[in-house]
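Step one of this worksheet: look at the structure below.
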């Protein structure tokens, strides 16, 4: 009984402000005749119409697929490259200016080059997302590989661990916290790249939906698109957080113990 | 071969040579690509790009548009910090405030603010305000979040030291509180700066009337790939310079912090 | 080579005779700085030898050279008659810093299993061996825990179990009990003596603690000087089994202790 009560208060503490804000939006926008701020009630009505399920399947799903595949490709490429560069310091040092340059490239400045090479279809969108997510993860992976504790390296050498076992049980797990930190940055950049590529690329997807609604002055539809985008961005981040919590459970325990010892 | 003198050279020289070699390799690959598979789409070679870069560097249009983009980015960043920092500090100072805003902050930082561009375009048209609003809406989150972390990072032990030695309020702020928080605030600033540049150029590209993003769009529309390349590179260089400025600032301000002392700040 | 499937007492390689480790003319320098010079000694099979010397004398360098983690600039180390180039299979190392030498992302059992996995031991067998080793150090109930859930002393016992499960002929330990509290330290010392008695392994232990060296050893190798050389190699003729209170109150213990103390201090 008291436990449920505690859970309820905990949830209430986190939710009261968001709920209040949405309520305020509802109340303030009710009866609004402003072009830009249509009543929230109207938006929610249209939301149900539009997104269950026609545009969910036509626009939201393709967007998510592009995001997941682009981010996935970027992640895989970055980790493999990062393991190589992290293990060969001379190569890493030589290529550092190039990598820094790639990371500094704002995704929007990439669009002309990508569109020139790959057109405006899915390829361009997915590869742009992959490209954007690669560099922050790559740099962090290198950092992570370098930060492997020298004592553990000696353990690996002393117990004659083979190359594969060293990578699988030592280097990759040790670099994982850093890899995830990079991936979190990369994820939000991927979402931006997804929206950008869809705005300039071939029709379809959430970015296109929002921009197209605006062009046709269907502001209510545009608002529903924004809400969907917000939900997807939030869901992506939460999913990522869950995966991170699972993979890095050891890390939290480990650092906590270290802090306690201090 | 010629490896022997290189091996005996001081490490700094060797490093430079290695980096130049890597750049050279990249240029050769680029050149071969532009000549081969890329030639049909008008992909410029490195030399051609350099030529157009030299041409453009002689025009005032190029420089004034860069200045516009940089100004927008910096102005936006300044606004984001002015708004975000106090909010972040307030939130961080109070556990209840932290909990109540958790969801909003989580939401704010992941929602792609770029998607709001169409709305802002309607409201503000192709003006600088468009870019500024977009920057503030997207860059304010990392500032708020990092500032709120920063408050939690002031160690209770240092607080007690301050009390035990009866430091004045100003001295506590100057010598204990500010230095403890600065590393975290800095992280937020760096993220916000990167976002600001991206959003400045994006807003020009998607709905502006001047700036680097606008030049980029124009070049693309008239299919001037050579210029488009130069603009893309310029954008990346701006990003690099911005990053460099932050690294240098960090070294000056946070020279005592482990991340700087190790020489690993990048 | 070895066919036993359990951690059993016995000669590691069919009862070959002669010292298990032989050090000849060993010396090492870091650039201009000479750390070790002209070390010659042997470690007998089944022996427990402590290398003792003041902090900074080059004990860790010596250990790294002995285990093949570092190539010495002079001389050589023979393990079972073979020159050591890299850590040999028959040698296990226990490092000083337990909190850094265990992998925090692996459970206790997996930490112990990992070297066996890499050595190509079959799944069932490596798990059984690891469990036996953990039982040997009294950690049977903690196989599923993670290192950071255990106390410092328990973590170091995991590291010892990892070494035992590897079924080495020699265990080399670098200040293994330096970072735990006094009581835990005494417990771990006695654990080491018991395990060594039970399994008949050779132990080479590096320490800066003279009491510990005298208490544990069959022979003590005292290191001193700059560059460090062997001050003396003295036999500890204290009766077995050793016991924390009884042994340490023997007059002979005090004699040996002051002898070693003078050896490493006086130059």
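The values are calculated or read from the model by the stated rules, or taken from the named source; none is laboratory data. Computed from a predicted model, the values in this text were never measured in an experiment. Cβ: placed from backbone, ideal geometry, glycine included. Neighbour counts: every protein chain shown.
Taking the criterion of being within 14 Å of chain B (Cβ to nearest Cβ) and either touching a strand residue (DSSP E or B) at 6+ places or on another chain (Cβ under 7 Å) or not in a helix (DSSP H, G or I) (or both), no residue of the range A:1-17 qualifies.
Those helices (runs of 4 or more DSSP H) of the range A:18-127 in which 2 or more residues are more than 14 Å from every other protein chain (Cβ to nearest Cβ) occupy A:40-51, A:61-87.
For residue B:15, the criteria (1) loosely packed, with under 14 Cβ neighbours inside 10 Å; (2) at pLDDT 85 or above; (3) farther than 30 Å from residue B:231 by Cβ hold in every case but one, which is (1).
This table checks each residue for (1) under 30 Å from residue B:65 (Cα atoms); (2) surrounded by fewer than 22 Cβ atoms within 10 Å (Cβ to Cβ).
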residue: B:146; (1), (2): no, no
residue: B:163; (1), (2): no, yes
residue: B:219; (1), (2): yes, yes
residue: B:223; (1), (2): yes, yes
residue: B:227; (1), (2): yes, no
residue: B:239; (1), (2): yes, no
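Residues in the range B:63-89 that are at pLDDT 90 or above and over 19 Å from the mean Cα position of the chain (by Cα): how many?
5
Given the conditions (1) within 27 Å of residue B:215 (Cα to Cα); (2) surrounded by 15 or more Cβ atoms within 10 Å (Cβ to Cβ); (3) within 13 Å of another protein chain (Cβ to nearest Cβ), report the number of the one that residue B:37 does not fulfil. Unmet for residue B:37, out of (1) within 27 Å of residue B:215 (Cα to Cα); (2) surrounded by 15 or more Cβ atoms within 10 Å (Cβ to Cβ); (3) within 13 Å of another protein chain (Cβ to nearest Cβ): (2).
Per the listing C:62, C:39, the residue uniquely out of contact with any helix residue (DSSP H, G or I) (no Cβ under 6 Å at 6 or more places or on another chain), assigned to a helix (DSSP H, G or I), away from chain A (no Cβ under 11 Å) and surrounded by 20 or more Cβ atoms within 10 Å (Cβ to Cβ) is C:62. At pLDDT 90 or above, under 30 Å from residue B:18 (Cα atoms) and surrounded by fewer than 17 Cβ atoms within 10 Å (Cβ to Cβ): is that true of residue A:99 in this structure? Taking the combined requirement at face value, the residue does not satisfy it.
Quick test for you: out of B:109, B:96, pick the one residue that is within 12 Å of chain A (Cβ to nearest Cβ) and farther than 30 Å from residue A:221 by Cβ. Full working, then the answer.
Working: B:109 fails: farther than 30 Å from residue A:221 by Cβ.
Result: B:96 is the single residue among B:109, B:96 that is within 12 Å of chain A (Cβ to nearest Cβ) and farther than 30 Å from residue A:221 by Cβ.
Of A:171, A:155, which residue is facing chain C (nearest Cβ under 8 Å), in a helix (DSSP H, G or I) and over 23 Å from the mean Cα position of the chain (by Cα)? Before you say what the answer is, go through the steps one by one.
Values: A:171 fails: facing chain C (nearest Cβ under 8 Å).
Only one candidate qualifies: A:155.
Of all residues in the range C:21-64, exactly one satisfies the criterion of being under 16 Å from residue C:77 (Cα atoms) and free of Cβ contacts under 8 Å to residues at least 12 places away in the same chain, namely C:64.
Within the range A:206-217, the presence of at least one residue that is over 26 Å from the mean Cα position of the chain (by Cα) and assigned to a helix (DSSP H, G or I) is confirmed. You will find that of B:171, B:166, the residue that is on the phi > 0 side of the Ramachandran plot and in the same structural domain as residue B:108 (by TED's automatic domain parsing) is B:166 and no other.
Name the one entry in B:157, B:250, B:218, B:163 that is at pLDDT below 85, within 11 Å of another protein chain (Cβ to nearest Cβ) and either touching a helix residue (DSSP H, G or I) at 6+ places or on another chain (Cβ under 6 Å) or in a helix (DSSP H, G or I) (or both). Only one candidate passes the filter, namely B:157. Number of residues in the range C:114-150 that are within 19 Å of residue A:169 (Cβ to Cβ) and buried (at least 22 other Cβ atoms within 10 Å of the Cβ): the value is 8.
Only one of B:200, B:235 is crowded, with 24+ Cβ neighbours inside 10 Å, within 8 Å of chain A (Cβ to nearest Cβ) and in a helix (DSSP H, G or I). Can you tell me which? Working first, answer last.
Values: B:200 fails: within 8 Å of chain A (Cβ to nearest Cβ).
Matching residue, one of B:200, B:235: B:235.
I'd like to check something: does the range A:237-244 contain any residue that is within 10 Å of chain B (Cβ to nearest Cβ), surrounded by fewer than 24 Cβ atoms within 10 Å (Cβ to Cβ), at pLDDT 90 or above and touching a helix residue (DSSP H, G or I) at 6+ places or on another chain (Cβ under 7 Å)? Scanning the range A:237-244, I find at least one residue that is within 10 Å of chain B (Cβ to nearest Cβ), surrounded by fewer than 24 Cβ atoms within 10 Å (Cβ to Cβ), at pLDDT 90 or above and touching a helix residue (DSSP H, G or I) at 6+ places or on another chain (Cβ under 7 Å), so the answer is yes.
Looking only at helices (runs of 4 or more DSSP H) that lie completely in the range B:39-151, which have at least 1 residues being assigned by TED's automatic domain parsing to the domain that holds residue B:210 and within 17 Å of residue A:17 (Cβ to Cβ)?
Working: elements: B:46-57, B:60-93, B:95-110, B:117-124.
Those helices (runs of 4 or more DSSP H) span B:60-93, B:95-110.
Summed over the range C:69-95, residues that are over 20 Å from residue A:161 (Cα atoms) and either within 14 Å of another protein chain (Cβ to nearest Cβ) or assigned to a loop (DSSP other than H, G, I, E, B) (or both) total 4. Does residue C:164 meet the test of being within 13 Å of another protein chain (Cβ to nearest Cβ), buried (at least 24 other Cβ atoms within 10 Å of the Cβ) and touching a residue at least 12 places away in the same chain (Cβ under 8 Å)? Taking the combined requirement at face value, the residue satisfies it.
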